[in-house]
Amino acid sequence: GGILLFLTALELLFQKRQARRQESASEGQAEHHDDPSVFPLALPLIVGPGAITTIILLAGEAQGPGGFAAIAGVRLAVRLSPFLAFLAAPAIERVLGKTGLNIVTRVLGMLLAALAVQFVLDGLRGFGIGS
């Protein structure tokens, strides 16, 4: 998983992903059709194992209907925050402009690469390699 994440980070760092998007956009103008593709990484990247584990632990310690209602409220807030961020994305894109988006993409690509390297190192330590 870390290696796949690192490859994605490299694409972000070196603008290969944007070039591919522009190429497919120009092809799509000739013949417009909906893209039914699904990205299975979206859910784990948005929700994450930490959030799932937290909900499970909180539900195990919840007492009474009030505790479960509080957990449901937190779950709703956590679901709502990415939704609002996605809704605000076009406005943020207009504010940042092309240069700003390029900078943000590269900075986030660098952070993603560092995270991917950490995932690989943690995986190797789990097998007793490099400890």
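No value in this document is a laboratory result; all are computed from the given coordinates. The structure displayed is predicted, hence computed values, not measured ones. With ideal geometry, Cβ positions are generated from the backbone for all residues, glycine too; neighbour counts draw on all protein chains shown.
Annotations
- Residues in the range 87-131 that are loosely packed, with under 13 Cβ neighbours inside 10 Å and of a type in the set (Lys, Arg): ARG94, LYS98, ARG125.
- The residues of the range 102-131 that are in a loop (DSSP other than H, G, I, E, B) and among the polar types (S, T, N, Q) amount to a single one, SER131.
- Within the range 96-120, the set of residues being over 14 Å from LEU10 (Cβ atoms) and in contact (Cβ under 8 Å) with a residue 12 or more places away in the chain comprises ASN102, GLN118, PHE119.
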